[in-house]
1. Please state which of the following conditions A154 fails to meet, knowing it meets all the rest: (1) closer than 23 Å to I263 by Cβ; (2) at pLDDT 75 or above.
2. Does A294 satisfy the condition of being within 17 Å of the chain's Cα centre (by Cα), assigned to a helix (DSSP H, G or I) and at pLDDT below 70?
3. Mind listing just one residue for me: the one in the range 70-105 that is farther than 22 Å from V51 by Cβ, of a type in the set (G, A, S) and modelled with pLDDT under 85 and, of those, most open to solvent (accessible area, probe 1.4 Å)?
4. Name the single residue, out of those in the range 164-180 being open to solvent by less than 30 Å² (accessible area, probe 1.4 Å) and of a type in the set (A, V, I, L, M), that is farthest from P250 (Cα to Cα).
5. Would you check if L8 is at pLDDT below 75, touching a Ser or Thr at 6+ places or on another chain (Cβ under 8 Å) and outside any helix (DSSP H, G or I)?
6. Just for the range 48-66: of the residues that are open to solvent by 80 Å² or more (accessible area, probe 1.4 Å) and part of a helix (DSSP H, G or I), which one is modelled with the lowest pLDDT?
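The values are calculated or read from the model by the stated rules, or taken from the named source; none is laboratory data. Since this is a predicted model, take the numbers as computed values, not measurements. Neighbour counts are summed over all protein chains in view; Cβ atoms, including those assigned to glycine, are modelled from backbone coordinates with ideal geometry. Note: areas computed on protein heavy atoms with side chains; ligands, DNA, RNA excluded. Shrake-Rupley method; radii C 1.70, N 1.55, O 1.52, S 1.80 Å.
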Amino acid sequence: MSQAASTLSEASPSNRLALAALILGGAAIGGSPIFVRLSEVGPMATAFWRVALALIPIFIVSLMKKDAGAKPQRLSDYGMLILPGVMLSLDLAAWHLSLTMTSVANATLLANLAPVFVTVIAIVFFGARISGVFLLGLALALAGVVVLKGGPAAIGIGDLSGDGIAMIAAFFYACYILAIGRLRSRFDTIRIMMWSTASAAIFIFPIGFFYEGQMLPAGLYGWSILFGLAFISHAGGQVAITYALAYLPPAFSSLTLLLQPVIAAILAWGLLNEAIGTMQALGAAVVLAGILVARASRVQV
């Protein structure tokens with residue numbers, strides 16, 4: 001993937017558009033904790049509807065596209081297209097469950113360890129070359145997330161089992177990002193999203209059905225929350241991220257997604273009247289500083 005291996009500071013039109021798509025995708029997904037919290041059904045059912053309903057706009061776009069790009073030819077191709085959906089279903093199930101077991105701050109903070117897992121996996125299994133500047137940016141961004149969520153003391157408020165499940169969610173999301181990054185060198189964005197989203201829905205449904213039983217929201221309000229989560233956070237956010245991964249390295253892309261808790265804090269302030277204090281503002285600034293530092297680095301995967 002030659003474009004992804006290029007210097008991040010190169011300002012080609014494709015890279016600029018990809019970076020904009022990545023930031024917009026992260027912002028869209030940043031609203032997902034608000035939708036999950038407002039949902040009338042349980043965390044697993046919410047995760048199922050998040051991907052199942054997202055198939056509607058993705059399918060419509062696929063019908064409108066004249067050129068869908070390369071098609072899967074071998075059984076291994078189908079397996080690779082399904083793999084991100086499996087990883088995503090495990091990520092969503094774990095993260096939505098963690099939101100009910102530990103504090104929202106802990107669940108969001110620990111789930112955002114995904115860039116660490118992406119970096120480690122990329123180095124160990126894919127021979128990625130990570131510069132010291134990138135690692136400095138990663139450390140800064142993670143420190144910013146900790147500050148944003150209330151500092152190290154905030155970690156002590158949650159339940160240890162819930163915290164562990166949030167970290168498992170981060171691992172599976174890292175695997176999802178890396179799998180998507182590999183696929184984007186061969187397949188079109190919409191084809192990848194169709195396969196990964198459909199497979200995620202298939203894998204999550206039995207978990208929600210047997211774990212919670214109640215799959216349907218009570219009324220129009222509950223459905224509106226689920227449609228918002230599916231159309232904005234998943235269909236909008238994940239399509240933008242999948243597009244960006246054709247041009248940007250997975251390690252940097254996962255780091256940029258640390259904007260999600262910043263967006264979540266802003267939305268919680270605007271929609272749920274959760275105040276943004278000095279610490280939250282400082283944390284957001286440090287996250288942005290870390291991303292800007294990493295933007296100037298050279299990351300090859």
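1. (2)
2. Spelling it out, it is not the case that A294 is within 17 Å of the chain's Cα centre (by Cα), assigned to a helix (DSSP H, G or I) and at pLDDT below 70.
3. Among those that are farther than 22 Å from V51 by Cβ, of a type in the set (G, A, S) and modelled with pLDDT under 85, it is A70.
4. Top of the filtered list is A166.
5. yes
6. M64
So that you can scan it fast, the table gives a plain yes or no per residue for (1) part of a helix (DSSP H, G or I); (2) modelled with pLDDT of 85 or more; (3) under 20 Å from the mean Cα position of the chain (by Cα):
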| residue | (1), (2), (3) |
| --- | --- |
| P33 | yes, no, yes |
| T46 | yes, yes, yes |
| A68 | no, no, no |
| A107 | yes, no, yes |
| V116 | yes, no, yes |
| V120 | yes, no, yes |
| I123 | yes, no, no |
| L138 | yes, no, yes |
| L142 | yes, no, yes |
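Yes or no, residue by residue, for (1) over 13 Å from the mean Cα position of the chain (by Cα); (2) at pLDDT below 80:
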site	(1), (2)
L226	yes, no
A235	no, no
V239	no, no
A244	no, no
P250	no, yes
L257	no, yes
Q260	no, yes
